[in-house]
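Have a look at the structure below before the remarks.
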Amino acid sequence: MSPITIGVIGIGVVLLLMACGLPIGFAMVLVGFVGFAYMVNVTAALHIVGTVPYAIITNYDWLVLPLFFFLASILFFGGLGGSMFKVAYNYLGRLPGGLAMATIGAISIFSAISGSSIAAAITIGTIALPEMKKYKYDDSLATACVAAGGTLDILIPPSSIFIIYGILTETSIVKLFIAGIIPGVILSLLFMAMIYIRARLNPTIAPPGLGTSMREKLVATAECVDVVVLIGLVLGGLIIGWFTPTEAAAIGAFGSIVASLIRRRLSWHGFKNAIRDTVQNTGMVFMVLMGALITNAFLAVSRIPMELASLVGGFGFPPTIVMGLIIVVYLILGCFIDTMSMVLLTIPIFFPLVKGLGYDPIWFGVIVVLVVEMAMVTPPVGMNVWVVSGIAKDVPMEYIFKGIVPFVVVEIVFVILLIAFPEIVLFLPRIMK
């Protein structure tokens, strides 16, 4: 068989093993090792399996992931999400759909200091869903805005997907973070606008909440000052150049611990749970990383990325059509495999092709994150939908997926907008020193 045929079979076997329930990391290690041993030799394959885990664990760059996981866990167990929802509710709650809009706003604030979409959905969802239920919000809209809003966490920096994409493609993580700011803010506003329009057209699905006085608004804002300072320190330090991403994550984690202790919201039990969750998430992600890098070595010798680039170039398709096809592939894959695995499996294949078409790597990173966002809320995997379903146990899963549809439509329109106007993504990175 030709190397390309072997590579295609290998990808198919990985997907088959995942469908059979084998964890993605182990599936990729197995296929990568066997495929590399078959195409090169067993000694070389054993060398890959022996050196890749050591290279990941000892690489300083990868330390940024567990630190941001720890930061998100401290925010969650320290209960800092409540102040974010409170301040958003005080300013938006009286509007039609105000509680749902406040949920999006609170998640956006949380996202600017956390790198975990699931943590964002759980932290804000546990506070926002009971409030929306009290005001008789439509269950479909209420749960969907938490699930879809949670995906903003991987677009608004800091983002774990940006970190992984940056390391895999040797793209500046800081510039990727900066590139996500404007799209993250715009998408948050588009979500709010869609909720507001739907609530005006049909007030019964999202009635307005009670208005608040200026004094209540100021008190709520004051309660959120520590989080705002932390966001300014982490993102401002990255933009100005005071910190590397790893240093920013460490400072953010330390600052979140201090803020939680000052507010007396972080117990010893919560601190231990934060460490446990961080270790579990880090172990899971690092196992997937090891599998992906071993599989990538196999794909490299199979020459799939290079041959795919040559094939597409030979067809003479316009770059926009090729990008559209890549996005469709991501949307299809997102229905079957989790987001982290999807990124690790596809970036080595698609990145050389996209770069050959002349697209900016930073712009493509933002596009990847956006389509990954959609994968987090589309059936049957839809990780954020499963998380929200665990919070709102009385709401059937199909209700949540039904409510997700308008949010996905907004995201698709936004992706098209970014393809037509890439400067939305590239403006900030280009003016950054």
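With the Cα gyration tensor of the chain giving a ≥ b ≥ c as the square roots of its eigenvalues, does the rule (a/c under 1.5 for rounded; else a/b larger than b/c for prolate; else oblate) give rounded, prolate or oblate? Prolate shape, in that a/c is at least 1.5 and a/b is the bigger ratio.
Around the Cα centre of segment 334-428, unit charges on the Cβ atoms of Lys, Arg, Asp and Glu (plus for the first two, minus for the last two) sum to a dipole of about 100 debye. Mean separation of Cα pairs under 8 Å and 6 or more residues apart, divided by the residue count, gives segment 65-217 a relative contact order of 33 percent. Given the DSSP H assignment, sum -39500 (n - 2.57) over each helix run of at least 4 residues in the chain and divide by its residue total; what's the result at 222 nm in deg cm²/dmol, nearest 500? That comes out to -26000 deg cm²/dmol. Extension gain, R430 to Y135: 0.36 nm times the residue separation minus the Cα-Cα distance gives 101.7 nm. Within the same chain, aspartates and glutamates fewer than 8 places from K175 are excluded, and of the rest, those with a Cα less than 13 Å from its Cα are D360. In segment 111-170, carbon and sulfur make up what percent of the accessible area (probe 1.4 Å)? Percent of accessible area from carbon and sulfur atoms in segment 111-170: 56. Taking θ as phi - 60° and the Karplus parameters 6.51, -1.76 and 1.60, the scalar couplings of segment 385-393 work out to 5, 5, 5, 5, 4, x, 7, 9, 5 Hz in sequence order, x denoting glycine and proline.
Using heavy atoms of the protein chains and a probe of 1.4 Å, the accessible area assigned to R303 is about 110 Å². For segment 196-306, the solvent-accessible area works out to 52 Å² per residue, with a probe of 1.4 Å and every protein chain left in place. Excluding same-chain neighbours fewer than eight residues apart, the aspartates and glutamates reachable from K134 by a Cα-Cα span under 18 Å are D394. Pairs from the table (K136/K272; K86/K393; K86/K402; K272/K393) lying more than 31 angstrom apart at Cα are K136/K272.
Using only side-chain charges placed at the Cβ, +1 for Lys and Arg and -1 for Asp and Glu, the dipole size of segment 79-198 relative to its Cα centre rounds to 340 debye. Each label point is 7 Å from the Cα along the Cα-to-Cβ direction; what then is the distance between the points at Y38 and I4, in nm? Going by the 7 Å Cα→Cβ label model, 1.8 nm. Each of I167, G149, T339 was scored by the projection of its Cα onto the charge dipole of the chain, and the greatest displacement toward the positive side belongs to G149; charges sit on the C-beta of Lys, Arg, Asp and Glu. Around the amide H of D138, modelled in the peptide plane, lie the amide H atoms of A206, all under 5 Å away and 5 or more residues distant in sequence or on another chain.
Sorted on the mean count of surrounding Cβ atoms within 10 Å across their residues, most packed first, peptides 50-56, 91-97 read 91-97, 50-56. FRET efficiency for the I262 to V219 pair, using the beta carbon distance and R₀ = 25 Å, is estimated at 0.90. Among 389-395, 7-13, the peptide with the highest mean count of other Cβ atoms within 10 Å heads the list, and the full ranking is 7-13, 389-395. The peptide list 366-375, 255-264, put in order of mean Cβ contacts within 10 Å with the highest first, becomes 366-375, 255-264.
Other residues lying with their Cβ under 13 Å from the Cβ of A102 contribute a combined charge of +2, Lys and Arg counting +1, Asp and Glu -1.
So, R0 is 51 Å and r is the distance between the beta-carbons of L210 and K355; what FRET efficiency does that work out to, to 0.05? The computed FRET efficiency comes out at 0.45. Shape class for segment 244-298: oblate, because the ratio a/c of the largest to smallest gyration tensor axis (alpha-carbon atoms, square roots of eigenvalues) is 1.5 or more and b/c is at least a/b. What are the aspartates and glutamates whose alpha-carbon lies under 18 Å from the alpha-carbon of K217, with same-chain residues fewer than 8 places away excluded? Candidates past the 8-residue exclusion: E131, D226.
Gain on full extension, evaluated as 0.36 nm per residue between R276 and A19 minus their Cα-Cα distance, stands at 89.7 nm.
Here the chain is assigned +1 on the Cβ of each Lys and Arg and -1 on the Cβ of each Asp and Glu. Its dipole about the Cα centre then comes out at about 840 debye. In the chain, a dipole from Cβ-located charges (positive for Lys and Arg, negative for Asp and Glu) runs towards its positive end, and of F85, V64, M383 it is F85 whose Cα lies farthest in that direction.
For segment 175-228, carbon and sulfur atoms together expose 73% of the accessible surface, with a 1.4 angstrom probe and every protein chain in place.
The values are calculated or read from the model by the stated rules, or taken from the named source; none is laboratory data. Being a predicted model, the structure only gives us computed values, none of them experimental. Here Cβ is always computed from backbone atoms with ideal geometry, including for glycine, and neighbour counts include all displayed protein chains. Ligands, DNA and RNA are excluded from the accessible area calculation, which covers all protein heavy atoms including side chains. Shrake-Rupley method; radii C 1.70, N 1.55, O 1.52, S 1.80 Å.
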